[in-house]
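The values are calculated or read from the model by the stated rules, or taken from the named source; none is laboratory data. Computed from a predicted model, the values in this text were never measured in an experiment. A quick note on method: Cβ atoms are made from the backbone with ideal geometry, for glycine too, and the neighbour counts reach across all protein chains shown.
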Amino acid sequence: MDKRLRNALKGLTDPDVERRRRAMEPFVRATFGIFSKYLYRYLGNEVECEDVLEDVYADIWESPERLRNITSETQLLRTVYLYYMRKRLREVYRRINRNLYLSQSNLKELIAPEIGTLEMVSQSELEQNLRQALSKLKARERRAIELWMEGASNRAIANELKTTVGAVKMLEYRTILKLRKMLRYYYHEN
Amino acid sequence: MQEEETMSESNRGIHELLVDYAGALRDGCIPAFLKSLTREEAERIASSWEFWDATEISRILNSVGFADKAVAPNVSLFISRVDAEIASRLKKSKASPPGKRRTHTRVTKTDDKTEKSI
């Protein structure tokens, strides 16, 4: 863990609420980028990310006990996700919980899931391994995922690949399953 | 618009549901995806381990492809929002009667509510 983050964490566990409040600024500065990038993968919406994080930081200020004895950035991210972000993520969707056909447990799992094998890998490592996995795909599969990651619609991908939207959806589905297999294999091997 | 039209179709197969979920996540419109689910589709999702397994990859693709958008250009402004939220909680806790004053009152309550509601 870098020095800036270590120092920021120290002030958070002060029993005095005002001192803890002052300690929030360096903590937010040191962690905002990491937390918001992590949260984005569950929300896909930067405005929602900021709203959720505002509550997450206030929860941390109010109840920082879980952050005692944190020794690494990964441990910090894991702890913050499990004990602070998850409950706030669930709250985001609580208001639309009525009239949905998805059961409550399925909704909870879809919105704020348990941490998967791949989800605690650092962003840079994930990017590197995903790039490697993409390079092993067939050209058509790779192109479909690359276009998708550029923000193209399924219709645009179908036009580019000269096929139908239905075929693109099937191609994307199979490629996602293939990527999952490749990445899991890589992490189990290492 | 096109994505919305696709989402409202009934009887989507599991591959279409996953791709629609991934698209909704990418476009930041998960509520629209959730509302588009029919009873049959919700049951299909519940019983498909492939769907649940693949959602992790969808989140990772979303994170690798788009997470840079999430970093606010003005962290100072965000810090003042956090401070205002803390000040509001501090005020509430000071305003509550001494017998009921507890440091973690709100967090515990919210936690319980959240667990029950989802």
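Data for the structure
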read-out	value
Residues located in region A:138-190, provided they are hydroxyl-bearing (Ser, Thr, Tyr) and under 17 Å from B:ILE60 (Cα atoms)	A:TYR173, A:THR175, A:TYR185, A:TYR186, A:TYR187
Residue, modelled with the lowest pLDDT, within region A:1-48, restricted to residues that are more than 8 Å from chain B (Cβ to nearest Cβ) and not in a helix (DSSP H, G or I)	A:MET1
A:LEU53 vs. criteria of a type in the set (A, V, I, L, M) and under 20 Å from B:ALA84 (Cβ atoms)	yes
Residues satisfying the stated conditions in region A:119-139, i.e. surrounded by 12 or more Cβ atoms within 10 Å (Cβ to Cβ), over 19 Å from A:SER36 (Cα atoms) and either within 8 Å of another protein chain (Cβ to nearest Cβ) or of a type in the set (Lys, Arg) (or both)	A:LEU130
Verdict on A:THR79 being under 24 Å from A:ARG19 (Cβ atoms), of a type outside the set (A, V, I, L, M, F, W, C) and more than 9 Å from chain B (Cβ to nearest Cβ)	yes
Residue list for region B:26-80, filter: facing another protein chain (nearest Cβ under 7 Å) and outside any helix (DSSP H, G or I)	B:GLY28, B:LEU37, B:THR38, B:VAL71, B:ALA72
Restricting region B:50-89 to residues that are closer than 30 Å to A:ILE176 by Cβ and of a type in the set (Lys, Arg), the residue that is surrounded by the most Cβ atoms within 10 Å (Cβ to Cβ)	B:ARG59
Subset of region A:87-108 [more than 7 Å from every other protein chain (Cβ to nearest Cβ) and modelled with pLDDT of 85 or more]	A:ARG88, A:LEU89, A:SER105
Only listed residue being without any contact (Cβ under 8 Å) to a residue 60 or more places away in the chain, at positive phi and either among the aromatic types (Phe, Trp, Tyr) or surrounded by fewer than 20 Cβ atoms within 10 Å (Cβ to Cβ) (or both), chosen from A:GLY116, A:GLY151	A:GLY151
Residue match in region A:152-161 (condition: over 18 Å from A:TYR42 (Cβ atoms), in the same structural domain as A:ARG41 (by TED's automatic domain parsing) and more than 21 Å from the chain's Cα centre (by Cα))	no
Lone unmet requirement of (1) more than 16 Å from A:TYR42 (Cβ to Cβ); (2) more than 9 Å from every other protein chain (Cβ to nearest Cβ); (3) buried (at least 19 other Cβ atoms within 10 Å of the Cβ); (4) not aliphatic (A, V, I, L, M) for A:THR71	(3)
One residue from A:ASP51, A:ASP55 being within 23 Å of B:ILE60 (Cα to Cα) and of a type in the set (Asp, Glu)	A:ASP51
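Listed here are the residues, each with its yes/no results for (1) at pLDDT 95 or above; (2) out of contact with any helix residue (DSSP H, G or I) (no Cβ under 8 Å at 6 or more places or on another chain).
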{"position": "A:GLU125", "(1), (2)": "no, yes"}
{"position": "A:LEU130", "(1), (2)": "no, no"}
{"position": "A:LYS138", "(1), (2)": "yes, yes"}
{"position": "A:GLY151", "(1), (2)": "no, no"}
{"position": "A:ALA158", "(1), (2)": "yes, no"}
{"position": "A:MET170", "(1), (2)": "yes, no"}
{"position": "A:ARG180", "(1), (2)": "no, no"}
